[in-house]
Amino acid sequence: MTGVPLRTAARAVALLAAVGVAREAYFHLVSEPVWHLFDRREPRAQERYLAVRAVLPAAGRVGYVSDEPVSARPGALESDEWGTWLYQSAQYALAPIVLVIGEARTEVVLANVKEPDRLEVVARAHGLRVERRFEGGRVALLRR
Amino acid sequence: MIAILAAAAVAISGGALSSFAPVRGAFRAALALLFGLGIWSVAYAVALFAFGADPRVRLAKDALLVVAGTVVLVRRPGRAPLAGDPGAPRSSSEVPRWPAYAVAAAAVLATAFFVEHTLRHPDGGWDAWAIWNLRARFLARGGDGFRAAFSPEILFWAHQDYPLLVPGAVAQAFLLARSESPWVPAAVSYAFAAAAVALLGAAARETRGAGWGALAALALLSTPCFVGFASNQQADVALGALLLAACALTAIALESGQARALLPAGFAASLAAWTKNEGALYLTCLAAALLATRWGPPRQRVRGLLRFGLGALPVLALVAWFKLRIAHESDLFGDASASRILDASRWGELLAAIPRRIVYFQDWGLWLVGEIAVLAILLPRLPRRPAARAMGMAIALALAVTMAVYVLQPHPLLWFFRASIDRVLIQLWPSALLATVLALAPQPGGRGSPSSGAGLDAAGASPSPQTRANDR
């Protein structure tokens, strides 16, 4: 045997390609139906930070606190990804500011909470007061 | 005007670098796109770290790329002889036409899926916005404070140690467009994915004929997670495309005797190393396979390796500087422990997880099952072809080292494996498809074909054993 005949290979590839394309089509037509593209689309995560971005410094270090724990050490994952997602989406929206987790000594501190009613508790826990709220209290600027 | 200069820098520098490869047509065009984007991003990083973020620095850098590329193109008119005549290894009646039509249909579908997914998730997948596009934003927005992108105070999930090929291209495009539209990184991702498909098809066609080229391209386009990863704007597709370029050029060198192709092969592999950390591993594995595979006498293999290394050297120097001076901490090895690698239970856990991934229908359809069936059933009955063996050895070596990294790293093993193995596989998949075609397809014989030694004669080299050894 010096090789597989092209026609034999073509039949096999046709079968595998049909299965692969069918899987892709299922995903786009059934799992995430394309006709619901615009009415079921989630807002971009960065929209949450548009207002606060306007009042933060353009660059530099800004402290970051939250009511959700962040997986901040390799090998030690928190039970869910909420806190990590909140931090990462804030960092993505606010770059080139560097958000420093747990740092409460910077001039302003960003609070980013899952539950707005926990905001005051988070601020007090770090010896800070809430200066300004955004997004219904889910995002806030804190100061000493 | 600045945007036109940047486009010219990509096109001309890519065209100049691809002129070192003894290929033509779609193969050369895809190489030119990959090399152009790659060198544009590499030059940006060098200029940024050396001279700062002033727009005039980028302008001068692009002008320099245009001038240098033009000089190379003018002074090298057709100096790289072609590897062979790929177009007519078979009579047209032997080659079924439907695969070419199927590729066109699959490309249209894949583009539609890409656009739909981009509209739904404009910032890309988690890794895209949390790592690649985040870094691009730091570079584009940071001005002279761009080094904040590598601050150790940013959460380690941003992987500050990752190299900058994709973020460098995206950041420059943000600055040129004066906009951070999500379509900018999406376009960059699409370009790499399209180049990967075109390059795979062209390389298979060049080495085995038109029918095989269409089948290879169709296989990649119909792999379910390929379009998904591309539309998620993750660097894995770019890495896969650059590794494929390195493998394809290596195959050309080994099968046609055109050792000069190893120079751009090394360059392509070094661009892969500037794309993701895994790229450095793949470069090392390909170099090791080049030396270990018996495609020529040992002295010729060493010379081939030197050419490969010479091609890789400039960008590898940048990678080394970046790792030593900017980004020397990695979450994978920061808390590495020998006890983990010797822990049999961790290896058992990993080995038990692998079969589940092979049949992971959502991402792979039946492609991995098919690949393994081919390897198990057909490969032992086929002639040993050096190019296929070299690529297969490189991929196997890369997978073996990757498995050791899984066992060594500090994250929960199964969680980390499930989160990352498909990305590792999609990086290797285009090259694995090419290696499979090279192993399965009969080598076209006759005058002018890559294996006939015609390319070798054209290059003025002495007949080398690899051309005769190809079918041993």
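The set of residues in the range A:71-91 being aliphatic (A, V, I, L, M) and at pLDDT 95 or above consists of A:L86, A:A90.
When B:L175, B:L164 are screened for being farther than 18 Å from B:A248 by Cα, surrounded by fewer than 24 Cβ atoms within 10 Å (Cβ to Cβ) and touching a residue at least 12 places away in the same chain (Cβ under 8 Å), only B:L175 passes.
When you look at B:E180, is it part of a loop (DSSP other than H, G, I, E, B) and free of Cβ contacts under 8 Å to residues at least 40 places away in the same chain, yes or no?
Spelling it out, it is not the case that B:E180 is part of a loop (DSSP other than H, G, I, E, B) and free of Cβ contacts under 8 Å to residues at least 40 places away in the same chain.
Here A:A18 clears all of (1) within 19 Å of B:A112 (Cα to Cα); (2) within 7 Å of chain B (Cβ to nearest Cβ); (3) modelled with pLDDT of 95 or more except the condition numbered (2).
The criterion of at least 1 residues that are more than 10 Å from chain B (Cβ to nearest Cβ) and surrounded by 16 or more Cβ atoms within 10 Å (Cβ to Cβ) is met by the following strands (runs of 3 or more DSSP E) wholly inside the range A:21-118: A:60-65, A:109-112.
For B:R260, the conditions (1) modelled with pLDDT under 95; (2) not in a helix (DSSP H, G or I) are fulfilled apart from (2). Exactly one residue out of B:A353, B:A312, B:A373 is hydrophobic (A, V, I, L, M, F, W, C), part of a helix (DSSP H, G or I) and within 14 Å of chain A (Cβ to nearest Cβ), and it is B:A373.
Out of B:W126, B:W98, one residue alone is within 27 Å of B:L271 (Cα to Cα), within 10 Å of chain A (Cβ to nearest Cβ) and at pLDDT below 95. It is B:W126. Total residues in the range B:16-30 satisfying the condition of being over 11 Å from B:A248 (Cα atoms) and either touching a His at 6+ places or on another chain (Cβ under 9 Å) or buried (at least 24 other Cβ atoms within 10 Å of the Cβ) (or both): the figure is 5.
Would it be correct to say that B:L324 is in a helix (DSSP H, G or I) and surrounded by 18 or more Cβ atoms within 10 Å (Cβ to Cβ)? Outline the logic, then answer.
Numbers: in a helix (DSSP H, G or I): yes; surrounded by 18 or more Cβ atoms within 10 Å (Cβ to Cβ): no.
Here the answer is no, as B:L324 does not meet what is asked.
Screening B:R208 on (1) within 14 Å of chain A (Cβ to nearest Cβ); (2) surrounded by fewer than 19 Cβ atoms within 10 Å (Cβ to Cβ); (3) not β-branched (V, I, T) shows it passes everything except condition (2).
Being more than 16 Å from B:R389 (Cβ to Cβ) and out of contact with any Cys (no Cβ under 8 Å at 6 or more places or on another chain) is a property that does not hold for B:G296. Per the listing B:G266, B:G296, the residue uniquely of a type outside the set (A, V, I, L, M), over 30 Å from A:R73 (Cβ atoms) and not in a helix (DSSP H, G or I) is B:G296. At pLDDT 95 or above, surrounded by fewer than 19 Cβ atoms within 10 Å (Cβ to Cβ) and more than 13 Å from chain A (Cβ to nearest Cβ), is that true of B:A191? No; evaluated as a whole, the condition is false for this residue. Residue count for the range B:191-246, restricted to those that are over 25 Å from B:V10 (Cα atoms) and among the polar types (S, T, N, Q): 3. In the set B:G240, B:G209, B:G257, only one residue is under 30 Å from B:F322 (Cβ atoms) and touching a residue at least 60 places away in the same chain (Cβ under 8 Å); that residue is B:G240. Do we find that A:R61 is modelled with pLDDT of 95 or more, of a type in the set (D, E, K, R) and closer than 21 Å to B:H159 by Cβ in this structure? Answer is yes for this residue.
The values are calculated or read from the model by the stated rules, or taken from the named source; none is laboratory data. Treat the numbers as computed from the prediction; the structure is a model and nothing was measured. Note: ideal-geometry Cβ built from the backbone for every residue, glycine included; neighbour counts use all protein chains shown.
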